[in-house]
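*Asks:* What follows is a structure written as structure tokens; I'll ask about it next.
The values are calculated or read from the model by the stated rules, or taken from the named source; none is laboratory data. Quick caveat, the model's predicted, so the values are computed rather than measured. Heads up, the Cβs are rebuilt from the backbone with ideal geometry, glycines too, and the neighbour counts pull from every protein chain shown.
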Amino acid sequence: MINITLKYKPYVLQLKKPFKTSKGEIKERKGFLIYLQDDEGCKGTGDCSPFPEFGSETYEAAFEVVNNLNTKFYIDVNDAYKTVELSLSQFNNLPALKHGLEQALINYICSKKNISLNEAFKLSSKRFVNVNAVIGFLTTKQTKEKAARFILEGFRTIKLKVGREDFEKDFKCVKAVRNLNDNLNIRIDVNGVWSLDEAEQHLIELKQFSIEYVEQPVSNIKYFGLLKKTCSIPLAADESLRTIKDAAGIIKNKSADVLILKPMLLGGIIPMLSIYNEAIKHNLKCVVSSSLESVVGRSYALFAASLINENTAHGLGVDDYFKNDLFPNPYPVVNGKIKLG
């Protein structure tokens, strides 16, 4: 039996400006780092950053559990998958906490065996990951200016948050960005606020702008099938995808064309890989996305994205939104890409 000590340290990250979406304003992100260490000094660190507005447990729920956690983990340093399965199944209803514990355990195994993440997961990964930029609720002028800066910085894909009470403002912002560049990949994210009727009407109007996909146009995944009958824009599932069971239903019913995979909200990379492996069997596109967690969690999400075979842009271009972070990001975005070490 390996004797493991667990410690944790809360953090609060302030955003430079409130990030406005159809779900409200995001001004800060709270979480805590989880530290594991054995008697020989081998260590592992993980990030738990709950996001209840987007489908995880609350910070308070995760904190209460970790504060009273029995740290008798099952650890097989030769089998990361078995270690996570046998140690963390009790945390399936606490995905952010499970993510933090998984990341810490995997990093601990890497430290113990002096191996890389690739060797721990027994998987190869890409050296470069394409990323999209993201723009929240701004005026049309501000949206156009910010998109123009992103294009100059080398981004080839931009995601626009839509779902304002006044759809005309959404329309003008999408149009303004499309007018900047005919070859730019534009994604839109509704965060599920449209009704089925609104989604049908709005997407018909937005079709002219060659949208790559629309993320969570309606809240109920059951309506995706109805929407696909009238909408030619590919549909992406985000808030409707929080468990392996959710993914199985979406894949079986062919509800979505794209799956948005957020390791922090799925409970880590291992459940994400389970979904991804099933999705590719059915020719579904997968996009890995940050949940605005700390640089520790974003680094893990970056590794997750590097495991995806497609050359799609992933939702990881968010560093510039933070006023502060736990330490400098070792993986900056350069020309719309991130280079892994």
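*Asks:* From G24, G44, G55, grab the single residue that is under 24 Å from D320 (Cβ atoms) and not hydrophobic (A, V, I, L, M, F, W, C). It would help to see each step written out before you state the result.
*Replies:* Working: G44 fails: under 24 Å from D320 (Cβ atoms); G55 fails: under 24 Å from D320 (Cβ atoms).
Matching residue, one of G24, G44, G55: G24.
*Asks:* Residues that are at negative phi and in contact with a His (Cβ under 7 Å, 6 or more places away or on another chain): does region 213-233 have at least one?
*Replies:* First, the residues of region 213-233 that are at negative phi: 213-215, 217-233.
Checking which are in contact with a His (Cβ under 7 Å, 6 or more places away or on another chain) leaves us with none.
No; the residues of region 213-233 include none that is at negative phi and in contact with a His (Cβ under 7 Å, 6 or more places away or on another chain).
*Asks:* Just the residues that are farther than 15 Å from H314 by Cβ, buried (at least 18 other Cβ atoms within 10 Å of the Cβ) and among the hydrophobic types (A, V, I, L, M, F, W, C), please, taken from region 128-149.
*Replies:* I135, F137, L138, A147
*Asks:* Report, by residue number, each residue of region 151-202 that is assigned to a helix (DSSP H, G or I) and under 16 Å from F137 (Cα atoms).
*Replies:* Matches in region 151-202: F167, E168, K169, D170, F171, K172, C173, V174, K175, A176, V177.
*Asks:* Output the residue which, of all residues in region 258-297 that are among the basic types (K, R) and farther than 20 Å from Y321 by Cβ, is surrounded by the most Cβ atoms within 10 Å (Cβ to Cβ).
*Replies:* K285
*Asks:* Please specify each residue of region 193-212 satisfying the condition of being under 23 Å from D246 (Cβ atoms), buried (at least 20 other Cβ atoms within 10 Å of the Cβ) and either in contact (Cβ under 8 Å) with a residue 60 or more places away in the chain or touching a helix residue (DSSP H, G or I) at 6+ places or on another chain (Cβ under 6 Å) (or both).
*Replies:* We begin by selecting, within region 193-212, every residue under 23 Å from D246 (Cβ atoms); these are 193-196, 199, 203, 212.
Of the ones still in play, those that are also buried (at least 20 other Cβ atoms within 10 Å of the Cβ) are 194, 199, 203, 212.
Passing the criteria: only A199.
*Asks:* Being touching an Asp or Glu at 6+ places or on another chain (Cβ under 8 Å) and crowded, with 20+ Cβ neighbours inside 10 Å is the filter; apply it to region 238-257 and report the residue that is nearest to S290 (Cα to Cα).
*Replies:* Checking each candidate, the answer is D238.
*Asks:* Another question, then. So L97 clears everything in (1) touching a residue at least 60 places away in the same chain (Cβ under 8 Å); (2) surrounded by 22 or more Cβ atoms within 10 Å (Cβ to Cβ); (3) closer than 14 Å to P271 by Cβ except one condition, right? Which one?
*Replies:* (1)
*Asks:* So for region 120-137 (the condition being among the aromatic types (F, W, Y), outside the structural domain of G55 (by TED's automatic domain parsing) and under 20 Å from F322 (Cα atoms)), does at least one residue qualify?
*Replies:* So far as region 120-137 goes, yes, one or more of its residues are among the aromatic types (F, W, Y), outside the structural domain of G55 (by TED's automatic domain parsing) and under 20 Å from F322 (Cα atoms).
*Asks:* Within region 293-341, which residues are aliphatic (A, V, I, L, M) and under 14 Å from R29 (Cβ atoms)?
*Replies:* Within region 293-341, V295, V296, A301, V318, L326 meet the criteria.
*Asks:* Being among the charged types (D, E, K, R) and in contact (Cβ under 8 Å) with a residue 24 or more places away in the chain is the filter here; which residues of region 157-181 pass it?
*Replies:* K159, K161, R164, K169, D170, K172, K175, R178
Each row is one residue, and each column tells you yes or no for (1) surrounded by 13 or more Cβ atoms within 10 Å (Cβ to Cβ); (2) in contact with a helix residue (DSSP H, G or I) (Cβ under 9 Å, 6 or more places away or on another chain); (3) modelled with pLDDT of 95 or more; (4) more than 21 Å from S116 (Cβ to Cβ).
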residue: N3; (1), (2), (3), (4): no, no, no, yes
residue: K23; (1), (2), (3), (4): yes, yes, no, yes
residue: Y35; (1), (2), (3), (4): yes, yes, yes, no
residue: T45; (1), (2), (3), (4): yes, yes, yes, no
residue: G55; (1), (2), (3), (4): yes, yes, no, yes
residue: T58; (1), (2), (3), (4): yes, yes, yes, yes
residue: A61; (1), (2), (3), (4): yes, yes, yes, yes
residue: N68; (1), (2), (3), (4): no, no, no, yes
residue: I75; (1), (2), (3), (4): yes, yes, no, no
